[in-house]
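Working notes for the structure below.
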Amino acid sequence: MKLADKVGSLLEGLQGIVGKEAVLFEPEDLMAFEYDGSIRRALPDAVVFPASAEEVSRVVALAYRERVPVVPRGAGTGLSGGSLAAQGGIVVALTRMKKILEIDAEDRTALVEPGVFNLVLDNAAHAYGLRFAPDPASQRSCTLGGNVAENAGGPHCLAYGVTTNHTLGMEVVLEDGSVTWLGGAQADIPGYDLRGVFVGSEGTFGIATKLLFRLLPMPEAVNTLLAIYRDLDSASEAVAAIIARGVVPTTLEMLDRPMIQAVESARHLGYPKDAGAVLLVELEGLREEVAETSRAVREILGGTGAQQVQAAQEADERARLWRGRKEALGALGSLAPNYLLVDGTVPRSRLARTVKRVQEAGKRHGMPIASLFHAGDGNLHPCILFDERVPGTLERVDKLGGELLRICVEEGGTLSGEHGIGIDKQAHMHLIFGDADMEAMKRVQRGFAPKGVLNPGKVFPRGAEAAGGP
Amino acid sequence: MSLTEQLAEALGPDALVPQEQVDGYAVDGLVPEAVVSPGTVEELGCTIGLASREGLSVTPWGGGTQMALGNPPSRVDMVVRTAGLDRVVEHSVPDFTLSVGAGATLASVQDYLAKEGQQLFLDAPLPRKATLGGILAANTATPRRLLYRASRDWVLGLKVVQADGAITAFGGQTMKNVSGFDLTKLYIGSLGTLGIIVGATFRLLPVPRVEEMLVASYGSLQAAFKAARSVASQSFTPQCVEVLTGAALRAIPEDARRTGAQAALLVSLAGWPGAVTRMMDESARLLSDALIVERASGGESAALWRSVTDLGWGDGVAPYISMKASLPLSRLGETVVALESLPLDGLSRGMVIGAGYGGVRCLLWGEAEVPGRAEKARKYAASARGEVSRLGGYLVVERCSPEVKQGLDVWGGVPGGVEVMRRIKKELDPKGVFNPGRFVEGI
């Protein structure tokens, strides 16, 4: 039986579990789920919206019996095609499961459903003087379940770490529909750290239906500094000097010249015309600590030739300094109709060199590239600018994207810092992993999902999936 | 050819530990047939390949400090040491990253890094013996986890020899990395049952500008614990907030506590000078119920932490059984009361309470002349586990004699995913080469 027909035969069963309105199968309804935040597309055969762990479990068990692929999906903001139904099948959209179940101020933990938006949890924690630290750029609209699946990062990871460092445990529906609990709030838990390896498994190990996170106390003081440089090398020098001084800022964000020009032409923030780099430094902690680290950072910014330095402690003033960084991607529309945001990571000290090679590659391919960086952790996001209406462009973009990743790997880095592999980068996995490495990963995947029904066709190079699939 | 002959041929005779020393590598009384100490990762891979082909079991061995952890193994055919893999592979000072062989001892690496003003987050008992690979495999954690969390948060990449001898690598050299599945997490704390960690890349920390310490003595455990919780609940995070009671007080020198003190609270603060001064002042203000409060810094404070971390591991009188409980913070107080009220039956008890992260190390001493001490220790452990699990925690017996282990599951239960754990073990180590029987659920 063809997959579409198989799914067709399950529709009644699915409707019986989640309700008639919570199952989509008409082609025009499915089209909205053909996309995520990447440039990839794949059409599912059905989309279901369960409202509880029990419904997720029953949907998954039903699909498992027929070996129909199940693809978990949060808000679909992912940038690697992770939530796309690469081989068709049933998309399980978790957006109805959006309750914050508990915030425990004494244990400093939060228990939430997977469909809660990242920023909603952070804001809810504020009421207790706490916060959720990982802050991906899409935090207004991305779900925590998706954050866990992709091990999302964000600009404040330098000091606080990425999603995995804040994920304590989860309730998981495994591929056969069974429900189990991994990890917990306790410091030492016997057994393999299944919670740790589940984070970043891109929806192929199971579907998390409850998530337990660590919350951190709100910082007493915050100081944001924005420095403008004539060139990227000087800004990079400042980054290195700050780290070498033993300062660990919460943020070290950077924009390169093309990115500054895009922001300036779209938003008119008053950056100088000859600005070659903008560096944003954020320091948090006790008042005394922020005063001391700010002094050190200011000294370094001056010593590395910053043209301008602005500082702000109050929230609205800080937001003003952040505007250029926050609106950078949106501003790219003024330069080209489309962009591909590449997510590479290199050791911090190789950043300046990597950027030069990235720019050269763009020139060689005749495609403009504007970049922003989480410079503190060596995570760079070159954006390849293009117009997809020009025939043959997507292939050229793909080729250049691949070359940029190769450059990152050659500089001692890796394929993805915070967006995941999905289908976007699966072809490049061999750049960093040998056969034995990938074989071990596949074995672990089979340990979680022996039949490979969950989100098949992801992460590994095509034709080499973990299990046979349906 | 005998096993030792095959090994000698493959690795050269120097890689074999002389037969007369093999007795020193017994695990829970099981003496291995051979002990191998390969000089390179490739040699180690080759050794495992050979063991796998011959159907032998392999027990990985770092510094040997944690060999009492785990259930008694079902077999110990070959012990494979990592001591030969002790070199720094790459230290990128500007990137604050270090790649190092798993056989390097913690102290040797910390000494090396200190020259650059850098440090590894890790702490462990007996750092001159404990190796980095062993610390990760056993997931050894110490008081500073309050500020720095666990080793899983600082490991960027691992090199692992698989059960068929293949050499694999996961993670990388960067802090942000979501390429492929994060298998580093799986190996940390797996007690060498899935593979042998042969190298690791760590994110480093700057050595703090200032480190200061408060030592307060209390007339009761309750008073010390209450103060500890208030110190740990401030808007800043100390490096450690630990309460010592009972026989654990021996870790603190006599002059730092008043005679008759029932408990001591240790608070360590680190960071920039101005911030540390304020944190010290604000923390000290919360210690008004103490009998006596002393300040320590520099070598004195380092020696104190060493003594607390090594408690039960050092050369002093070894505890008869050492247990580690982990709980949600909100249940810690009840747990401490419950553990305190369990009958001791002639044994003596000490506790080290991690008031900031929800951990209790509970140690029992029992002199040889205490009749039926093994049975008594087991009984205490079973009751303690009952209490801890009733309160939502886990209790692991981290160290005891083979005699006490008879009829005792040192791990207790796991939160869930038992079937997944079994399948992963079967997938990664289908022949059961690594450490058979020592881990949870018979793995």
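The values are calculated or read from the model by the stated rules, or taken from the named source; none is laboratory data. Keep in mind that this is a model prediction, so the values were computed, not measured. Don't worry about glycine lacking a Cβ; one is built from the backbone with ideal geometry, like all the others, and counts go over all protein chains shown. The area values use the complete protein model at the heavy-atom level, side chains included, leaving out ligands, DNA and RNA. Shrake-Rupley method; radii C 1.70, N 1.55, O 1.52, S 1.80 Å.
Within the stretch B:81-101, which residues are in contact (Cβ under 8 Å) with a residue 60 or more places away in the chain, over 17 Å from A:S349 (Cβ atoms) and open to solvent by 40 Å² or more (accessible area, probe 1.4 Å)?
Of everything in the stretch B:81-101, just one residue is in contact (Cβ under 8 Å) with a residue 60 or more places away in the chain, over 17 Å from A:S349 (Cβ atoms) and open to solvent by 40 Å² or more (accessible area, probe 1.4 Å), namely B:R81.
Please return the ranges of helices (runs of 4 or more DSSP H) entirely within the stretch A:344-458 where 1 or more residues are free of Cβ contacts under 8 Å to residues at least 24 places away in the same chain and at the interface with chain B (Cβ under 7 Å from one of its Cβ atoms). So that I can check it myself, show each step before the final result.
On the way: elements: A:351-365, A:393-410, A:435-448.
Fully inside the stretch A:344-458 and qualifying: A:435-448.
Go through the stretch A:281-295 and count every residue that is over 10 Å from A:P249 (Cα atoms) and more than 9 Å from every other protein chain (Cβ to nearest Cβ).
Selection size over the stretch A:281-295: 1.
Any idea which of B:T59, B:T47 is crowded, with 16+ Cβ neighbours inside 10 Å, polar (S, T, N, Q) and within 18 Å of the chain's Cα centre (by Cα)?
Details: B:T47 fails: within 18 Å of the chain's Cα centre (by Cα).
So the residue among B:T59, B:T47 that is crowded, with 16+ Cβ neighbours inside 10 Å, polar (S, T, N, Q) and within 18 Å of the chain's Cα centre (by Cα) is B:T59.
Please verify whether B:V89 is within 14 Å of chain A (Cβ to nearest Cβ), in a strand (DSSP E or B) and of a type in the set (V, I, T), treating the condition exactly as stated. Outline the logic, then answer.
Details: within 14 Å of chain A (Cβ to nearest Cβ): yes; in a strand (DSSP E or B): yes; of a type in the set (V, I, T): yes.
Yes; evaluated as a whole, the condition is true for this residue.
In the stretch B:248-262, how many are at pLDDT 90 or above and either over 27 Å from the mean Cα position of the chain (by Cα) or open to solvent by less than 20 Å² (accessible area, probe 1.4 Å) (or both)? Step through it out loud before you land on a result.
To start, the set of residues in the stretch B:248-262 that are at pLDDT 90 or above comprises B:248-249, B:261-262.
From the residues that got through so far, the ones that are either over 27 Å from the mean Cα position of the chain (by Cα) or open to solvent by less than 20 Å² (accessible area, probe 1.4 Å) (or both) too are B:248-249, B:261.
Here the count works out to 3.
Could you grab me the full set of residues in the stretch B:129-147 that are under 22 Å from A:G184 (Cα atoms) and in contact with a Leu (Cβ under 7 Å, 6 or more places away or on another chain)? Let's see the steps before the verdict.
Going through the stretch B:129-147, the residues under 22 Å from A:G184 (Cα atoms) turn out to be B:135-147.
Within the stretch B:129-147, B:I135, B:A137, B:A138 meet the criteria.
In the stretch A:25-54, what residues are more than 27 Å from the chain's Cα centre (by Cα) and surrounded by 19 or more Cβ atoms within 10 Å (Cβ to Cβ)? Even if it seems obvious, please write down each step before you answer.
Our first condition is that a residue be more than 27 Å from the chain's Cα centre (by Cα); within the stretch A:25-54, this holds for A:25-28, A:54.
Hit for the stretch A:25-54 is A:F25, nothing else.
Taking A:L212, is it within 11 Å of chain B (Cβ to nearest Cβ), in contact (Cβ under 8 Å) with a residue 12 or more places away in the chain and within 23 Å of the chain's Cα centre (by Cα)? I'd like the intermediate steps shown before the answer.
Numbers: within 11 Å of chain B (Cβ to nearest Cβ): yes; in contact (Cβ under 8 Å) with a residue 12 or more places away in the chain: yes; within 23 Å of the chain's Cα centre (by Cα): yes.
When the stated conditions are applied, A:L212 passes them.
Which ones in the stretch B:365-383 are charged (D, E, K, R) and either within 13 Å of B:V404 (Cβ to Cβ) or touching a strand residue (DSSP E or B) at 6+ places or on another chain (Cβ under 8 Å) (or both)? Reasoning before the result, please.
From the stretch B:365-383, those charged (D, E, K, R) are B:367, B:369, B:373, B:375-376, B:378-379; that's our starting set.
The answer is B:R373, B:E375, B:K376, B:R378, B:K379.
Looking at the stretch B:335-360 only, could you name the residues that are within 11 Å of B:T245 (Cβ to Cβ) and either away from chain A (no Cβ under 14 Å) or without any contact (Cβ under 8 Å) to a residue 60 or more places away in the chain (or both)?
Within the stretch B:335-360, the subset within 11 Å of B:T245 (Cβ to Cβ) is B:336, B:339-340, B:349-353, B:360.
Within the stretch B:335-360, B:V336, B:L339, B:E340, B:R349, B:G350, B:M351, B:V360 qualify.
Going residue by residue through the stretch A:318-330, is there one that turns out to be touching a helix residue (DSSP H, G or I) at 6+ places or on another chain (Cβ under 8 Å) and closer than 21 Å to A:A241 by Cβ?
Looking through the stretch A:318-330, none of the residues is touching a helix residue (DSSP H, G or I) at 6+ places or on another chain (Cβ under 8 Å) and closer than 21 Å to A:A241 by Cβ.
Provide a single number: the residues in the stretch B:148-175 that are part of a loop (DSSP other than H, G, I, E, B), within 9 Å of chain A (Cβ to nearest Cβ) and in contact with a Leu (Cβ under 9 Å, 6 or more places away or on another chain). Give the steps one after another, and end with the answer.
Start the filter on the stretch B:148-175 by keeping residues that are part of a loop (DSSP other than H, G, I, E, B), which leaves B:149-150, B:154, B:162-166, B:172-175.
Cutting the leftovers down to within 9 Å of chain A (Cβ to nearest Cβ) gives us B:149-150, B:162, B:164, B:166, B:172-175.
Narrowing the set further to residues that are in contact with a Leu (Cβ under 9 Å, 6 or more places away or on another chain) leaves B:162, B:172-175.
Final tally of qualifying residues: 5.
Give B:A216, B:A228, B:A200 a once-over and let me know the one that is more than 8 Å from chain A (Cβ to nearest Cβ) and outside any strand (DSSP E or B). Please lay out each step first, then the result.
Details: B:A216 fails: outside any strand (DSSP E or B); B:A200 fails: outside any strand (DSSP E or B).
Only one candidate qualifies: B:A228.
How about the stretch B:384-400: which of its residues are more than 10 Å from chain A (Cβ to nearest Cβ) and buried (at least 21 other Cβ atoms within 10 Å of the Cβ)? Break it down stepwise before answering.
Step one: filter the stretch B:384-400 for residues more than 10 Å from chain A (Cβ to nearest Cβ), giving B:384-387, B:389-391, B:397, B:399-400.
Scanning the stretch B:384-400 gives B:A384, B:R385, B:V397, B:R399, B:C400.
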